[in-house]
Amino acid sequence: MVGKDGQVSGWRRVGQLLFSPGKVFPALAAQHWLKPALLLVGLNLLLAGIIAPKTAAFAAWLVKQGAAQVPPEKLAEVQALAPKAAVSGLFVGALVVPWVTWVAVAALLQLFAALSAREASFGALFTVAVYGYLPVFLRTVIANLLFLVTPLENLTMRSQLSLAVFLPPQKSFLYFFLANCSPFTWWSLVLWGVGGAAVMKARPGTVTAYLFALWLLLALALAGLSSLAPAPPGV
């Protein structure tokens, strides 16, 4: 009975974190980040293992579609290596991307604290970064489910749960910018802002606006670089 009550309490806390972060972040920020971080990374690797076979098949399909651009003497080698490289990259990304994100967010929050002359430990801000990552993780879950049910020939048409869904795939600055505009990313930015503000005892709106401004600069830069890169197959 105690375990069942604890489970309900845990789910309630997740709900509060997602929808009423101001109520739970003061307590969460005082906890250590290791357990939730390892849990999220472990689930990320599990998801990667689930979609690995289709990722390999998709890589092989892409090579087949672009066979005319590969020298005939290297085609067999590329066909053999592409699926392995795609799966390896999938697992490396599942392992590394969360940690890089958490370190970057905690560092940016620490920079805000320094610029505003506020006290905040990096450990507490790292805990905020880990817990605030939950909407991004939810996006990963949904995107992987869509990946599993979408036919191979339609996978290049996906917009990764972003505002780019309102445009046909194209090689344009606007399309790539909208592809970076994910409601799940914005959701995490809000959580990081509220959590960082709780640790620094600052106004949540100020910290959140700071993070959104940095995200906007990054999204514009990535859109510019993507619009200059060669178009992928199917776009």
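Output yes when any residue across region 112-119 is touching a residue at least 40 places away in the same chain (Cβ under 8 Å) and polar (S, T, N, Q), and no when none is.
Start the filter on region 112-119 by keeping residues that are touching a residue at least 40 places away in the same chain (Cβ under 8 Å), which leaves 112-113, 116, 118-119.
With polar (S, T, N, Q) added as a condition, the list becomes 116.
Within region 112-119, one or more residues are touching a residue at least 40 places away in the same chain (Cβ under 8 Å) and polar (S, T, N, Q).
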Exercise for review: For L174, indicate whether it is of a type outside the set (D, E), more than 23 Å from V130 (Cβ to Cβ) and in contact with a helix residue (DSSP H, G or I) (Cβ under 9 Å, 6 or more places away or on another chain).
Suggested key: yes
Review point. Which of (1) without any contact (Cβ under 8 Å) to a residue 60 or more places away in the chain; (2) in contact with a Pro (Cβ under 9 Å, 6 or more places away or on another chain) is the odd one out, the single condition I142 does not satisfy?
Key: (2)
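Just checking, how many residues over region 35-84 are more than 29 Å from T101 (Cβ to Cβ), among the aliphatic types (A, V, I, L, M) and either touching a residue at least 40 places away in the same chain (Cβ under 8 Å) or assigned to a helix (DSSP H, G or I) (or both)? Walk me through how you get there before you give the answer.
Taking region 35-84 and keeping what is more than 29 Å from T101 (Cβ to Cβ), we get 60-61, 63-80.
Those left that are additionally among the aliphatic types (A, V, I, L, M): 60, 63, 67-68, 70, 75-76, 78, 80.
Imposing the further condition that a residue be either touching a residue at least 40 places away in the same chain (Cβ under 8 Å) or assigned to a helix (DSSP H, G or I) (or both) reduces the set to 60, 63, 67-68, 75-76, 78, 80.
Residues in region 35-84 being more than 29 Å from T101 (Cβ to Cβ), among the aliphatic types (A, V, I, L, M) and either touching a residue at least 40 places away in the same chain (Cβ under 8 Å) or assigned to a helix (DSSP H, G or I) (or both): 8 in total.
Please go through region 160-173 and pick out each residue that is free of Cβ contacts under 8 Å to residues at least 24 places away in the same chain and of a type in the set (A, V, I, L, M, F, W, C).
Filtering region 160-173 down to residues free of Cβ contacts under 8 Å to residues at least 24 places away in the same chain leaves 160-168.
Across region 160-173, the qualifying residues are L161, L163, A164, V165, F166, L167.
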Practice item. Go over the candidates L155, L216, L228 one by one and state the one that is at pLDDT 90 or above and out of contact with any Pro (no Cβ under 7 Å at 6 or more places or on another chain). Key: L216
Practice item. Check region 151-159 and report whether any residue there is loosely packed, with under 15 Cβ neighbours inside 10 Å and among the small types (G, A, S). Key: no
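Applying the selection to region 174-195, what residues are part of a helix (DSSP H, G or I), of a type in the set (S, T, N, Q) and either free of Cβ contacts under 8 Å to residues at least 24 places away in the same chain or surrounded by 19 or more Cβ atoms within 10 Å (Cβ to Cβ) (or both)? Outline the logic, then answer.
As a first pass, look at region 174-195 and keep what is part of a helix (DSSP H, G or I): 174-179, 183-195.
Filter once more, keeping what is of a type in the set (S, T, N, Q): 185, 188.
Listed by number, the list holds a single entry, S188.
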Practice item. With respect to L222, determine if the residue is assigned to a helix (DSSP H, G or I) and modelled with pLDDT under 95. Key: yes
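Being among the hydrophobic types (A, V, I, L, M, F, W, C), assigned to a loop (DSSP other than H, G, I, E, B) and at negative phi is the filter here, so list the residues in region 100-129 that pass it. Show your work before the answer.
First pass over region 100-129, keeping only residues among the hydrophobic types (A, V, I, L, M, F, W, C): 100, 102-109, 111-115, 117, 120, 122, 124-126, 128-129.
Still in the running and assigned to a loop (DSSP other than H, G, I, E, B): 117, 120.
Listed by number, the list holds a single entry, A120.
Would you say A124 is buried (at least 18 other Cβ atoms within 10 Å of the Cβ) and either farther than 30 Å from V24 by Cβ or aliphatic (A, V, I, L, M) (or both)? Give the derivation first.
Values: buried (at least 18 other Cβ atoms within 10 Å of the Cβ): yes; either farther than 30 Å from V24 by Cβ or aliphatic (A, V, I, L, M) (or both): yes.
Spelling it out, A124 is indeed buried (at least 18 other Cβ atoms within 10 Å of the Cβ) and either farther than 30 Å from V24 by Cβ or aliphatic (A, V, I, L, M) (or both).
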Exercise for review: Inspect all residues belonging to region 83-103 and state whether any of them is crowded, with 19+ Cβ neighbours inside 10 Å and more than 30 Å from S188 (Cα to Cα).
Suggested key: yes
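The values are calculated or read from the model by the stated rules, or taken from the named source; none is laboratory data. Predicted model only: the values in this text are computed from it and were never measured. So basically every Cβ, Gly included, is an ideal-geometry build from the backbone, and we count neighbours across all protein chains shown.
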